[in-house]
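Below is one structure, written out as structure tokens; the observations come after it.
The values are calculated or read from the model by the stated rules, or taken from the named source; none is laboratory data. It should be emphasised that the depicted structure is a prediction, and the values quoted were computed from it without experimental measurement. All Cβ positions, glycine included, derive from the backbone under ideal geometry; neighbour counts span all protein chains shown.
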Amino acid sequence: MQKRIYEYFLLMSNYLLLSLGLIAITCVPVRAELSQLPLFLTSSIDPNIMFILDDSGSMFFEVTPDDLAVSWNGYVFPRANNVYGDTDYGQSTVRVTTVEDGEAYTARTRSPQFNTTYYNPSVTYVPWTKYDNTLYPAASPTCAWHNPENTGNCPTGDVNNLARNLTINNDRYNNNWWTNCNSSDSCSASTDNKIFWPATYYWQIGGDGWSWDDYTQVEIRSSMSSYTGHGRESRTDCVDAASGTCSYAEEIQNFANWYTYYRSRILASRAAIGQAFASQDENIRVGYGAINASSNWTDGISLPSIIRGVRSFSGDDRAEFYEELYTRDMPGGGTPLRKALDAAGRYYEYSGSRGPWSSAPGESGGSDYSCRNSYTILMTDGYWSGGSSYDADTSAARNNVDGSDGPNISSATNSYQYEATDPFQDNRSNTLADVAMYYWKRDLQSDLENNVPISATNPAFWQHMVTFGIGLGVSGTIDPDDAWTAVVTGSPISWPYTNPGSTNCNGSECGARLDDLLHASVNSRGGFFSAADPQTFATELSNTLSDIVARTESSAAAIATNSTRLVDESLIFQARFDSSDWSGEIRAYLIESDGSVGDVQWNTNDTGSIPDHGSRNIFTMGASTGIEFTTDQWGNLSTEQQEDLIDTDRLEWLRGDQSLEVGNDGGTLRARTSLLGDVVNSDPLVVGNPNFSYERLPSGTPGRTDYLIYRASQASRPRMLYIGANDGMLHAFNASSGVESFAYVPAGVYDHLADLSDPDYTHRYYVDGSSSVGDIYSSGWRTILAGSLGAGGQSVFALDITDPDNFEASDVLWEYTDTDLGFNLGKSVIARMQNGDWAVIFGNGPESDNDQAYLYIVNAIDGTLIRKIPTGVGSSGNPNGLSAPVLLANSRRTITTAYAGDLQGNLWKFDLSSSDSSDWVSAYVDGSDNPQPLFTARNASGEVQPITAPVEVGSHDNGGKMIYFGTGQYFEVGDNDVSGTPSIQSFYGVWDNGAAITTTDRSTLVEQTIIAEGQLAESDDNYRVISDEPVDYLSADPADGWYMDLVYDGDAAGERVVSAPLLRYERVIFTTLIPLEDPCSAGGTSWIMELDAMSGGRLEDSPFDVNEDGQIDDDDKVTIDDDDDDDDPKSTGGVQSTVGITKTPAVIGAGELEYKYLGGSDGGIEVVTEDAGDSEDFGRRSWRQLR
């Protein structure tokens, strides 16, 4: 398999960190879903799902499984005419199982322990679900329809062709035969009239079920007021279900619902299918077929079995899917699964403009999207029919396809050829598995680019069909778990002979044909289940649909990604991950004296970098305190943690025990190529001996006089690299040797921790947040790390890292969570507050329980809440969350102010200057003393612009502060979709002069614009020129600042600000992100922008070496054609990245020049050369001192 490697160049200086936790556009915020994989690797293309229903004659049966329907005794009620449409057959001569008391077959076929389709008193039978998630009406016990889509007059007696009265004695109907069996192969039939009570079931109480005495008979009659036991404790429709009791009214209603909506295989299947699809969102495209449907023109191609091509699963298209599902006539034919699957494959191979690859299937004028995943779900209640009339129509699909090598298939970056190997191959032709392989191993659309996202289970990057097989009430001979394990290990499977030339199967051939459905699923890297009862069918189908959506959402496109960090010593650190198995790797490179990248110094894949699982130092937060993450400490985990982990095997697997992995003897857990998981949004943090200048604390402050002594004592502390990974851990690596010193498993990731060991693991985030470091004093100085989980969970934790080489359980300080704490996507800040407390300060992030924005201030020593400052903004219909704060300190290193943005575009200022924490509040309030933001960002259309990155703060020439920030977000599913007309985002410089800016538009801010953009003759690069509108801060009615919309020439491309800006030499520097408009292209591009900090306009001198002569001077200015008469050369204000998406640059000074290093999403590093200037470096810190 070709690997997909994603690289992150991590160049860091202390507290100057850049991440790939990017930021996108929204209008008014609504509840959405956090993406659980990197958005820059995903496509936003909805998958195709062709659902094919079994409409064979056995689907009419009211008995399951087949071996209970001896001699085709498929019914437990006398059959009416045309229940499922004009073409259903045998209405008057079908065989109904006997109803006579004393006969075991009467009870056996009406006992849910044997007949899994029959009424089960432990199940609540809900009417069918409609396309809009409402329900059909409850059935009437006195007029229970045979088919809820075939209704009319109620019976005047016990039954007619439309309905049955379940509350009176019933008689034989329509000359059906009664059949009695006294064993599995000894039966007799008669046409005698027999009277029976229809609302009856039998509960097995012992024996083998072939004796009347093995059962309790229960007749649901009004003379019996209540019904107890038989699993009723699980019912949801009974008032007294907790005691296992239901009233007569509840019981007869439940039976009536079962009769009308679940009585037969087809009714129960429709119920399950409708329920499963109703739980799906609109992010799929669904088609519909039935195995016996005759040839039909579908979207320009004539095919059997395919009734309706794939369509958007919304509106009328969603309703029409349900219409076909519930109302289509059942022809009652055989089981031509091979022909039906071949038709689905031919549909996906069709290249017409109205076909399944188009953005508008069924219509003309759409665009073909090459990266779309395509699936077929093939459902059956029986074993496929053999014989030539049921063969696949495509002759090549009838060959031994899985037993022969496939063609070579190439993409821009990969090549692949299926090689006939285990467990896929066999030595037989004309099987269902051959059909599935035929449409998997070949490129179905040779004219389209091969960029279908791959997944851990499916390496196919070309257009292909994936098959999911579903069996109802049937069983095979091969354990599906063994088959899927073999996919990982390459072990052989002895696929049995199916005898395809025989119409019906006999003996072992029947099980072999269900095994063939499993084999088809294995060949195409799909999925499979066989459900014994309708309830399991509904649950497993829902899981299958969720799996399809998850596969699409967790698939990765082929693109290399970098982010850049700078260290003040001689190493850069590169984090890499492989999305085919979500493994991770960190490399340390030497930096040469000329700034170039030298040799690899260490690699986490080196032997010994991660110690043996038995000797690793891994810790966690247990039930109440920090503990070692070992099986010996299992009892000190909480009950909930133990349940989440499932067992100690998974704990050992997480520690790195690979003997438990699939491929080893008895191994059942996911096989790994690397013990380090993928690193995506976690900023790496290098910690040596930081200096926070706490010797300048106010006189008398505990620890003030000892701080310099503490720093001297820590001079030899080893430099450590701390980084969160999506393997459930924060890792601490020695920055010089690359050896893991310890790791920490936060309590906040336990709810999904066991998922990591699942062989069918679907990517999600775990420890994906960033950490920060700070010194605190508590009976002595110590250094602590505050970490978060990002989109991996809703907690913040703190560790004492004063002595990282001897980290122990007591160094796990605390882990904080709260109902108002959402997903903290930013960093915390560690600082001393005015009341003397040492604190960890952070925003609550998105998706808290009450959807409002809060600033949290938590005691750094014990994790108790000091203060939670509400903004009062946010609701379930308009959710909110506060982003990472930036703090201001006075000259005595004590915090006075915090600034932070929120998802509703509000820029908040918090007053923390009081020595009484109860006085820490929003700095501005309205007339009713409610919190009021300093400013609310809205574009010209009035749409709020979310602020998700930290702001930057600088001094204003006329007093007060200038706050710099960009808008946009990039963390929710769909944020990478820029189709249609994206909302316009902006960059702002807002003056905080002591009063809130209350205008609802931007009329008090000066607009700067991008006046030119394009490639220069002198350079291959694209540059921007910015306007230079004056900003008046001195008049009686001064401006409140400036803004610039991220749009050129009216074209809204979805550009947004990704990360924190930098303030250097009176310039504000920021990068933007633009996803590619083609949804099949991952990644995107960026611009690095440099503007005058006070005005937002272009700089007087060029910031870039435009002509690439190694000098920055007037020759780097450009002349543009614009509406002004001024043809003077102008400085550029932005340069487009040549390496894809970039983030906040890392900066290295080199005399009169400085270099900005930007890691790009296409794998490269871009270096921007600039004049270093002569002002003080105003680079970002955890907090900034007031001036």
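Of the residues GLY309, GLY332, which single one is surrounded by fewer than 22 Cβ atoms within 10 Å (Cβ to Cβ) and not assigned by TED's automatic domain parsing to the domain that holds TYR201? Step through it out loud before you land on a result.
On the way: GLY309 fails: surrounded by fewer than 22 Cβ atoms within 10 Å (Cβ to Cβ).
Selected residue: GLY332, the only one of GLY309, GLY332 that is surrounded by fewer than 22 Cβ atoms within 10 Å (Cβ to Cβ) and not assigned by TED's automatic domain parsing to the domain that holds TYR201.
In this structure, does ASP957 turn out to be surrounded by fewer than 22 Cβ atoms within 10 Å (Cβ to Cβ), under 20 Å from TYR1048 (Cα atoms) and out of contact with any helix residue (DSSP H, G or I) (no Cβ under 9 Å at 6 or more places or on another chain)? So ASP957 does not fit the description; no. Selection of first residues in the stretch 861-878 that are of a type in the set (Lys, Arg) and of second residues that are surrounded by fewer than 20 Cβ atoms within 10 Å (Cβ to Cβ), restricted to Cβ pairs under 6 Å at least 6 apart or on distinct chains, gives the following pairs, ordered by first then second residue: ARG867/SER917. Restricting the first member to the stretch 1001-1030 and to residues that are under 21 Å from ALA940 (Cα atoms) and surrounded by 15 or more Cβ atoms within 10 Å (Cβ to Cβ), and the second to residues that are at pLDDT below 90 and not aliphatic (A, V, I, L, M), the beta-carbon pairs closer than 6 Å and six or more apart or on different chains are ILE1011/ASP1122.
Among the residues making up the stretch 694-717, those that are part of a loop (DSSP other than H, G, I, E, B) and buried (at least 16 other Cβ atoms within 10 Å of the Cβ) are LEU697, THR701, GLY703, GLN714, ARG717. Go through the stretch 914-948 residue by residue and tally those that are touching a Leu at 6+ places or on another chain (Cβ under 9 Å), part of a loop (DSSP other than H, G, I, E, B) and closer than 18 Å to TRP991 by Cβ. Going through the stretch 914-948 one residue at a time, the tally reaches 5. Only residues that are among the aliphatic types (A, V, I, L, M), touching a helix residue (DSSP H, G or I) at 6+ places or on another chain (Cβ under 7 Å) and more than 27 Å from ARG696 (Cα to Cα) were counted in the stretch 784-834, giving 2. I'd like to know if the stretch 366-374 contains one or more residues that are buried (at least 24 other Cβ atoms within 10 Å of the Cβ), outside the structural domain of ALA433 (by TED's automatic domain parsing) and part of a strand (DSSP E or B). Within the stretch 366-374, one or more residues are buried (at least 24 other Cβ atoms within 10 Å of the Cβ), outside the structural domain of ALA433 (by TED's automatic domain parsing) and part of a strand (DSSP E or B).
For the condition within 17 Å of ILE470 (Cβ to Cβ) and in contact with a helix residue (DSSP H, G or I) (Cβ under 7 Å, 6 or more places away or on another chain), LEU341 qualifies. Just for the stretch 500-514: of the residues that are closer than 23 Å to ASN399 by Cβ and buried (at least 19 other Cβ atoms within 10 Å of the Cβ), which one is nearest to the chain's Cα centre (by Cα)? Applying the filter and picking the extreme gives LEU514.
Listed by position, the strands (runs of 3 or more DSSP E) enclosed by the stretch 840-889 that each have at least 1 residues that are surrounded by fewer than 24 Cβ atoms within 10 Å (Cβ to Cβ) and basic (Lys, Arg) are 865-870. If you check ALA256, ALA271, ALA249, which single one turns out to be part of a helix (DSSP H, G or I) and more than 19 Å from SER222 (Cβ to Cβ)? Exactly one of ALA256, ALA271, ALA249 is part of a helix (DSSP H, G or I) and more than 19 Å from SER222 (Cβ to Cβ), namely ALA271.
Considering the stretch 412-470, and only residues there that are farther than 30 Å from SER389 by Cβ and among the small types (Gly, Ala, Ser), the residue that is surrounded by the fewest Cβ atoms within 10 Å (Cβ to Cβ) turns out to be ALA412. Note on the stretch 36-46: residues that are modelled with pLDDT of 85 or more and touching a strand residue (DSSP E or B) at 6+ places or on another chain (Cβ under 6 Å) total 1. Can you pull out every residue in the stretch 1082-1095 that is out of contact with any Lys or Arg (no Cβ under 9 Å at 6 or more places or on another chain) and closer than 21 Å to THR1142 by Cα? Residues satisfying the conditions are ALA1082, GLY1083, GLY1084, THR1085. Residues of the stretch 699-742 that are among the basic types (Lys, Arg) and closer than 16 Å to THR802 by Cα: ARG711, ARG717, ARG719.
In the stretch 507-526, the residues that are of a type in the set (Val, Ile, Thr) form Cβ pairs under 8 Å with partners that are surrounded by 22 or more Cβ atoms within 10 Å (Cβ to Cβ) and not in a helix (DSSP H, G or I), at six or more places apart or across chains, as follows: VAL522/PRO423; VAL522/PHE424; VAL522/PHE528.
Only one of the listed residues (THR191, THR200, THR179, THR216) is closer than 27 Å to TYR136 by Cα, assigned by TED's automatic domain parsing to the domain that holds ALA107 and among the polar types (S, T, N, Q). That residue is THR200. Being outside any strand (DSSP E or B) and over 30 Å from the mean Cα position of the chain (by Cα) is a condition met by at least one residue of the stretch 819-834. Could you count how many residues in the stretch 631-656 are crowded, with 18+ Cβ neighbours inside 10 Å and assigned to a loop (DSSP other than H, G, I, E, B)? Looking only at that region, the number is 2.
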